[in-house]
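Structure, as structure tokens:
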Amino acid sequence: MYEFARGPLVWIALLVFAGGCLYRLVWMVRAAKQDKVVIPYMSWKYGLRSLLHWIVPFASRNMRLHPVMTVVTFVFHICLLLTPIFLLAHNVLWQQSWGVSWWSLPSRLADVMTVAVMAGGIFFIGRRLRLPEVRNVTDYSDYLLIAVVLAPFVTGFIASQQWFAYRTMVILHMWTGALMLMAIPFTRLSHMLYFIFTRMYMGSEFGAVRNAKDW
Amino acid sequence: MDDLMETLGAIKTTVAVNSASVGDTWDWETAEKRIADLLEIRGRFAEVHEVTVSADGEKIAAPVKTDDGNFTACVNGEVWPEMFELLWYLKFSPDGKLTALTKSDDQWTIAVDGECWEEKFEYIWNTQFSADGKVIAAQAKREMDYLIVVNGAVWSNIFVSTRGLAVSNDGRKVAAVVQAVPLKEADIFGFLEGTWTLAVNDKKWDRNFINVYRPTISPDGRHVAAEVRLDICEYTVATDGEPWQQRFGCVWEPLFRGNQSLLAPVRVDGNWTLAENGRLIWKGAYNQLWYQRFSPDGSRIAAVVSPAFGKWTIAVDDKLWKKTYNDAVLEPFFSPDGRRVAAIVKDQNRWTIAVDGIPWTETFDMVWNPVFSPDGNDVIAKVNKNGRFTIALNGRAWRRDFEAVWEPVFSPDGTKVLVKAVEDGKYYRRVVPIQELMG
Amino acid sequence: MVEKAGSQAAQAVADPEIETKAKKIRPEQMVKDPGLDETIKRLTPEQIESVIKRVLTKETAARLRVYLDTCVHCGLCAEACHTYLSRDRDPEYSPVAKVKNTLWEIVKRKGKVDGEFLKNASRIAFTECAVCRRCSMYCPFGIDIAYLLIVVRRILNLLYVVPAYLQDTTNSHAVTMNQMWVQEDEWIDTLQWQEEEARMEMAKARIPLDKEGADIMYSVIAPEPKILAQLINYMAQIMTVAGMDWTMPATDGWDNSNMAMYSGDFETMGRVERQHYETAFRLKVKKIVMGECGHAFRGAAYDGPKWLVWKHPPVPLIHAVEFYYDLLKTGTIKIAKKFPEPTTVQDPCNIVRGKGLGKKLRYVMNALCEDFRDVNPRLEHNYCCMAGGGTINCGPPWTRSRMVSNKVKAEQFKATGAKIIVTPCHNCHSGIEQLVSFYKLGMHVKFISEILVECMEVPQHLKV
Ligand code: HEM
Ligand code: HEM
Ligand code: SF4
Ligand code: SF4
């Protein structure tokens, strides 16, 4: 079990993730060509201008209107992206498998970041339950999505703390981690792929075509 | 001077003169005629409105308002004897008659060379001519009925509304887009039943359509066609009341090639292509296609197309010109021998002309339609740059420029050009050797 | 049709307090509208499915799919929408909820939806969303929710399930190329009449008709000749003082408005815009100046050209606000005495979010008014008037619902303490007039040209 997860599963997960992302991007470019206006309207200048205003915390009005959400979502996403990449445990595995490794997070910090992701996830769940405008557009799939994202963090964290059944937890962790990776291109988690494009397109339409700001 | 410029600004010839076939009987000998002193005319009247020049350049006319507040037409400095409450829309017929829409005692009619039609109307508008100028038609209204008037005689059919009028070259056919069935206010269901049709020589087509647009008449005057709308988003072309079997997402105005073949741009699955009598004849699927035009012998077809979003060019027999333009490309013109094609093109808000795909290097604030010489070797056009007007020949503006210029015409032998221009407030008709324009 | 039924709606509710007034009305109740009630009876399931399939597979592509896949259902767009804010944060009025109740279902059920569903979708897409695009500035992904609702409108148009008044307006466009069934003779006659009117105020004022080679073609929307003809004579006076070489067409193509764009009849939309630009080509003008209208700007500057595949207008298109700005900034027109009353302004979505004219609008306001009181939020973030996007054209049945949906706008104006609201847009103008009377704001609504004509310096030789 461990061997499979440690070996082929990682490969499968990475391949599905990478291949899936590639597929979705190629599909998007094709569809964009069909949607005649999209590519001609795209502008680097205004696209990047908009992107900048939406990846810097509080640079847009809506972020200022929702300060708690803004802080949580930035912390959540930054930790979500950085933790697995710079985690010592992951680094060691990479080192073993492919002989590459890079700077690792101090384990204390990694723990804190992991907890931050989990806290963020719980905040998102709470938001979905409490805010009527969010609850109204929420169905089971939204919770499932958060669960899929949180699962590797929860299992990884438990494993790293060695609270119980370490080996089982690590196996579970690898499976959930793989699942999450594979889910990215094929679920709404694909927002990771499309964010840059939808944002830049809107920025271009607002800026280059309509001479206005979109933040 | 500003006032004068305003008067001169309106520049109008009644027919587009784009081939060398016109003008056989005109004076091509007299090098220069001073036809009228516009400054002097301006001094004589309280107001002088936009001037109009006849195709042969022999006459210049403008609506004038006298000191006592009445209107009349002033032609080469002479006024029409009759005075009107209002007079506008001065148009020279192709054979040089001057027409105007006139109002007296709250009644409108058309005056031709100063003579009013007997019939009077609540309103009359849109004067149209046959190619020889013998037939003059217009739309009119009387007590809420909409009418068509041809040479002063009113059609017996009256309509709920009319929109658009076409007169055949020989003047024997007059066609009008007419509303045949009244529609209650906001009756969205009655609308879909079809309330519009075409009336040709006072006779309606048998069938009504949701909409009918832009009628066109075959060169021999026997067939009349128009765009018709059959459903919310279903269009086709109808000839003499019979729609094509094929239906399309949209169509643009059809045009006869010869007397039997009718071509129209049609939209299929979001792209435009060209159909002849309902069948698709071009393979190209364009983002846009319109202004299909034919060489004089009908063997070649040119049209304005967009091969990619925001890019415009001309396709000749379904083959694209290499260069595209970002702003616009206007209707293509064939040379008399059908060899060459020229069109107005616009890029970065500068206008010029492209001939066989190659744009002139000089650009202008505005250009008018290109005119080919009879042998097709030269192209001339009226151009506007820095507030002055002149003629450009094969891409180079003439060194002389004017306060106003009308569209130039080649002499039948192609050695001379008729230049109608205003200089120092005076209107001149000049016959200029082509070499002179090159200098 | 720009309807003027605000006063009737106001009489129905006498309570002067904005808060309580909005609360009393339960707009969810379905209003009677033959465009929805009768049209759905004629539909077959096959027809519905095939139209939906056509739109989802042939007429849409990347934007629709990527937007649907990307939306994480976070609800952050809710904050953007004046209907949501005005209805005490009713979650059904958040932008994403409007998509959920229409497109999500349509896609999920693969087009197998029934008449009742479409009727409800029509209510949402046509009367509860003004396609103002404020929400795409609030969605972190920049999802163009207005576009998604226009896709819904397109489907509904092809099935003819469109509020009757709006459909009738589109039918008018299809027949007359203008918005209000204005006949060709009525148009010219009105211009000649307004020229006379202008001459009573100003010597030598003219409306040069169909003048080929003029610098400027001035185009308006059909409500001007139909019900607000004086605006044309104001412009004649402004053009005369500014010494412009201008013209107005004596043929179709004079109307720059486009409700077909909003009802989803893109073929008619394209035809109308083509006519507009072809008229400019025919008249050989260097630019088009258009009157104070926002949606018309959108139609003529973007949506129309886009469908016809011009990336930008083929002839430069100048909105009145920009035109006035240039006249005032260059000193072509000078102000003799400023407008004294406390005045505020409506930022029309389609020229502020649509062209970034907010700053120029403020320059004009400050140049004209002694006591200009700005709104908050403003510029790109201003609230829509809830009359644009074809909503006011859905006619009297929907007026009340629209009024309730724009309580925030009323509050925003009230907070300025102004007496006059300037609206450089016809839809805003009519919508805000209704709002003023519905919420008893005691304000008056004016176009810029009305104030400009009153305040501008008229050279001696033009005085009568
Ligand atoms: C599929 C391949 C993966 C493998 C083989 C793997 C392996 C591991 C291992 C061996 C640990 C260390 C447990 C320990 O400390 O002893 C760990 C921890 C962790 N992993 Fe993964 N992982 C995978 C995917 C992921 C993914 C996709 C994520 C998140 C996006 C993730 C997030 C974490 C986190 C947050 C920790 C715990 C960090 C801490 O608190 O110290 N892992 N992983
Ligand atoms: C770098 C790329 C990414 C960007 C720019 C991005 C951006 C966003 C944005 C703008 C939201 C909307 C709501 C909010 O602000 O929280 C969001 C939500 C979310 N993102 Fe991401 N994201 C990225 C990557 C990811 C990844 C890789 C995951 C997990 C695999 C993820 C998981 C989530 C989840 C679960 C939510 C939903 C929160 C909720 O349910 O309300 N994101 N993301
Ligand atoms: S009304 Fe405006 S803010 Fe509201 S959903 Fe429609 S486009 Fe978005
Ligand atoms: S803000 Fe954007 S991502 Fe969030 S629910 Fe609205 S449309 Fe969807």
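The values are calculated or read from the model by the stated rules, or taken from the named source; none is laboratory data. For clarity, every value in this text was computed on a predicted model and none was experimentally measured. Note: ideal-geometry Cβ built from the backbone for every residue, glycine included; neighbour counts use all protein chains shown. When the accessible area is computed, the model is the full protein with side chains, heavy atoms only, and any ligands, DNA or RNA have been set aside. Shrake-Rupley method; radii C 1.70, N 1.55, O 1.52, S 1.80 Å.
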Picking from A:MET180, A:MET192, A:MET169, A:MET200, the residue that is away from chain C (no Cβ under 13 Å), within 19 Å of the chain's Cα centre (by Cα) and in a helix (DSSP H, G or I) would be A:MET180
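Yes/no matrix, rows are residues, columns are (1) touching a Lys or Arg at 6+ places or on another chain (Cβ under 8 Å); (2) within 14 Å of chain C (Cβ to nearest Cβ); (3) closer than 15 Å to B:ASN369 by Cα:
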position	(1), (2), (3)
B:GLY298	yes, no, no
B:PRO307	no, yes, no
B:LYS322	no, no, no
B:ASP327	yes, yes, no
B:ARG340	no, no, yes
Tell me, which residue of region B:146-188 that is more than 24 Å from B:ALA131 (Cβ to Cβ), assigned to a loop (DSSP other than H, G, I, E, B) and of a type in the set (A, V, I, L, M, F, W, C) is farthest from the other protein chains (Cβ to nearest Cβ)?
B:ILE158
Considering every residue within region A:4-20, establish whether at least one is open to solvent by less than 30 Å² (accessible area, probe 1.4 Å), free of Cβ contacts under 8 Å to residues at least 12 places away in the same chain and on the phi < 0 side of the Ramachandran plot.
yes
Quick one: would you say A:TRP163 is more than 16 Å from ligand 2 (Cβ to nearest atom), not in a helix (DSSP H, G or I) and not polar (S, T, N, Q)?
yes
Please go through (1) of a type outside the set (A, V, I, L, M, F, W, C); (2) open to solvent by less than 30 Å² (accessible area, probe 1.4 Å); (3) within 22 Å of B:THR25 (Cα to Cα) for B:GLY357 and return the number of the only condition it doesn't satisfy.
(3)
Just one listed residue, out of C:ASN157, C:ASN101, is more than 16 Å from ligand 4 (Cβ to nearest atom) and either open to solvent by 10 Å² or more (accessible area, probe 1.4 Å) or assigned to a helix (DSSP H, G or I) (or both), and it is C:ASN157
The number of residues in region A:203-215 that are open to solvent by less than 20 Å² (accessible area, probe 1.4 Å) and either under 13 Å from C:ASP144 (Cα atoms) or facing chain C (nearest Cβ under 8 Å) (or both) is 7
Can you tell me which residues in region C:91-111 are in contact with a helix residue (DSSP H, G or I) (Cβ under 8 Å, 6 or more places away or on another chain) and away from ligand 3 (no atom under 12 Å from the Cβ)?
C:PRO91, C:LEU103, C:TRP104, C:GLU105, C:ILE106, C:VAL107, C:LYS110, C:GLY111
Return the only residue of C:LYS338, C:LYS286 being within 14 Å of chain B (Cβ to nearest Cβ) and surrounded by fewer than 20 Cβ atoms within 10 Å (Cβ to Cβ).
C:LYS286
Which of the following residues is touching a residue at least 40 places away in the same chain (Cβ under 8 Å), not in a helix (DSSP H, G or I) and not basic (Lys, Arg): A:TRP175, A:TRP215?
A:TRP215
Would you pick out the residues in region B:75-92 that are under 25 Å from the mean Cα position of the chain (by Cα) and either of a type in the set (Lys, Arg) or surrounded by fewer than 23 Cβ atoms within 10 Å (Cβ to Cβ) (or both)?
B:VAL75, B:ASN76, B:LEU86, B:TRP88, B:TYR89, B:LYS91
Looking at region A:181-194, which of its residues are of a type outside the set (Phe, Trp, Tyr) and either open to solvent by 30 Å² or more (accessible area, probe 1.4 Å) or touching a residue at least 40 places away in the same chain (Cβ under 8 Å) (or both)?
A:LEU181, A:MET182, A:ILE184, A:PRO185, A:THR187, A:ARG188, A:LEU189, A:SER190, A:HIS191, A:MET192, A:LEU193
Here the qualifying pairs (Cβ atoms under 8 Å; residues six or more apart or on different chains; first in region A:64-78 and within 21 Å of A:ASP111 (Cβ to Cβ); second open to solvent by less than 60 Å² (accessible area, probe 1.4 Å) and of a type in the set (Phe, Trp, Tyr)) come out as A:VAL72/A:PHE124; A:PHE76/A:PHE124
Could you check region C:1-69 for helices (runs of 4 or more DSSP H) lying wholly inside it with 2 or more residues that are at pLDDT below 50 and not polar (S, T, N, Q)?
C:6-12, C:18-24
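To keep it simple, each residue is scored yes or no on (1) farther than 30 Å from C:ASN101 by Cα; (2) of a type in the set (Gly, Ala, Ser); (3) within 16 Å of ligand 1 (Cβ to nearest atom); (4) in contact (Cβ under 8 Å) with a residue 24 or more places away in the chain.
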position: A:SER50; (1), (2), (3), (4): no, yes, no, yes
position: A:HIS53; (1), (2), (3), (4): yes, no, no, yes
position: A:SER104; (1), (2), (3), (4): yes, yes, yes, no
position: A:ASP111; (1), (2), (3), (4): yes, no, yes, yes
position: A:ARG128; (1), (2), (3), (4): no, no, no, no
position: A:LEU145; (1), (2), (3), (4): no, no, yes, yes
Take the conditions open to solvent by 20 Å² or more (accessible area, probe 1.4 Å), closer than 25 Å to A:MET202 by Cα and touching a helix residue (DSSP H, G or I) at 6+ places or on another chain (Cβ under 9 Å) and apply them to A:LEU65. Does it pass?
yes
Reported set for region C:304-335 where residues are open to solvent by 30 Å² or more (accessible area, probe 1.4 Å) and either of a type in the set (A, V, I, L, M, F, W, C) or within 16 Å of ligand 3 (Cβ to nearest atom) (or both) is C:TRP307, C:ILE318, C:ILE335
Does region B:330-341 contain any residue that is among the small types (Gly, Ala, Ser) and surrounded by fewer than 17 Cβ atoms within 10 Å (Cβ to Cβ)?
yes
Answer residue from region A:140-166, given it is surrounded by fewer than 20 Cβ atoms within 10 Å (Cβ to Cβ) and within 14 Å of chain C (Cβ to nearest Cβ) and is farthest from ligand 3 (Cβ to nearest atom) among those:
A:VAL148
So, restricting to helices (runs of 4 or more DSSP H) that lie completely within region C:323-415, which ones have at least 1 residues that are in contact with a Gly (Cβ under 8 Å, 6 or more places away or on another chain)?
C:349-352, C:399-404
Within the set of pairs 6 or more residues apart or between chains, which connect a residue that is free of Cβ contacts under 8 Å to residues at least 24 places away in the same chain inside region B:122-150 to a residue that is aliphatic (A, V, I, L, M) and assigned to a loop (DSSP other than H, G, I, E, B) with Cβ atoms less than 7 Å apart?
B:ASP145/B:ILE158
Flag for C:GLY264 being surrounded by 24 or more Cβ atoms within 10 Å (Cβ to Cβ), within 8 Å of chain B (Cβ to nearest Cβ) and modelled with pLDDT of 95 or more:
no
Of the conditions (1) within 16 Å of ligand 3 (Cβ to nearest atom); (2) closer than 30 Å to A:PRO40 by Cβ; (3) not aromatic (Phe, Trp, Tyr), the single one that A:MET192 does not satisfy is (1)
Here is a check on your reading of the model: is A:ARG199 within 16 Å of ligand 4 (Cβ to nearest atom) and either without any contact (Cβ under 8 Å) to a residue 24 or more places away in the chain or over 28 Å from A:TRP27 (Cβ atoms) (or both)?
no
Filter region A:87-139 down to the residues that are within 14 Å of chain C (Cβ to nearest Cβ) and open to solvent by 60 Å² or more (accessible area, probe 1.4 Å) and list them by number.
A:PHE123, A:LEU129, A:ARG130, A:ARG135, A:ASP139
